[in-house]
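Report on one structure; see the data block that follows.
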Amino acid sequence: MDVATAPFCQVVDGRSGSIRVGGHLTPRSAGLLTATVQALRTVGRTRVVLDLRDLEAADDLGLRVVRGLRERVAAAGGRLVLLHLPEGPLSPPRR
């Protein structure tokens, strides 16, 4: 499977400001996730919860994007909460 087309999904609850992520986190899907977080922030959510329980795989760049997003949200006075972080290493998405 091509990493650029690896499956990714996000379920957004606008009322609670939460995003449940599933599938493969790649630079492309991390960009989609960034846009979703920014949209929640634009409508007034100062706290956004990112639930990673269904994350199956991630590459280094995708994880760096999430880390940078967390830092940018904090710098803007908000908070990005990460739930259900994997205990062990995530395998990279299959190519």
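Residue by residue through segment 45-58, what is 3J(HN,Hα) from phi via Karplus (6.51 cos²θ - 1.76 cosθ + 1.60, θ = phi - 60°)? Round to whole Hz and write x for glycine and proline.
6, 8, 10, 10, 9, 10, 9, 9, 4, 9, 6, 9, 7, 8
For segment 15-48, list residues with backbone N below 17 Å from a point placed 7 Å from the Cα of residue 85 toward its Cβ?
Zone members listed by number: 21, 48.
Just for segment 8-83, what percent of DSSP beta bridges are antiparallel, to the closest 5?
Approximately 35 percent, going by the DSSP bridge assignments.
Which residues in segment 28-57 place their backbone N less than 13 Å from a point set 7 Å from the Cα of residue 11 along the Cα-to-Cβ direction?
Under 13 Å, as judged by backbone N against the label point of residue 11, lie 51-55 of segment 28-57.
May I ask for the Kirkwood hydrodynamic radius of segment 8-83, worked out over all distinct Cα pairs and given in angstroms to one decimal?
Averaging 1/r across every pair of different Cα atoms and inverting gives 12.1 Å.
Bear in mind that the values in this text are calculations on the coordinates, not laboratory data. What you see is a predicted model, and the numbers here were worked out from it, not measured in a lab. Here the Cβ is made from the backbone with ideal geometry for all residues, glycine too, and neighbour counts use every protein chain on show.
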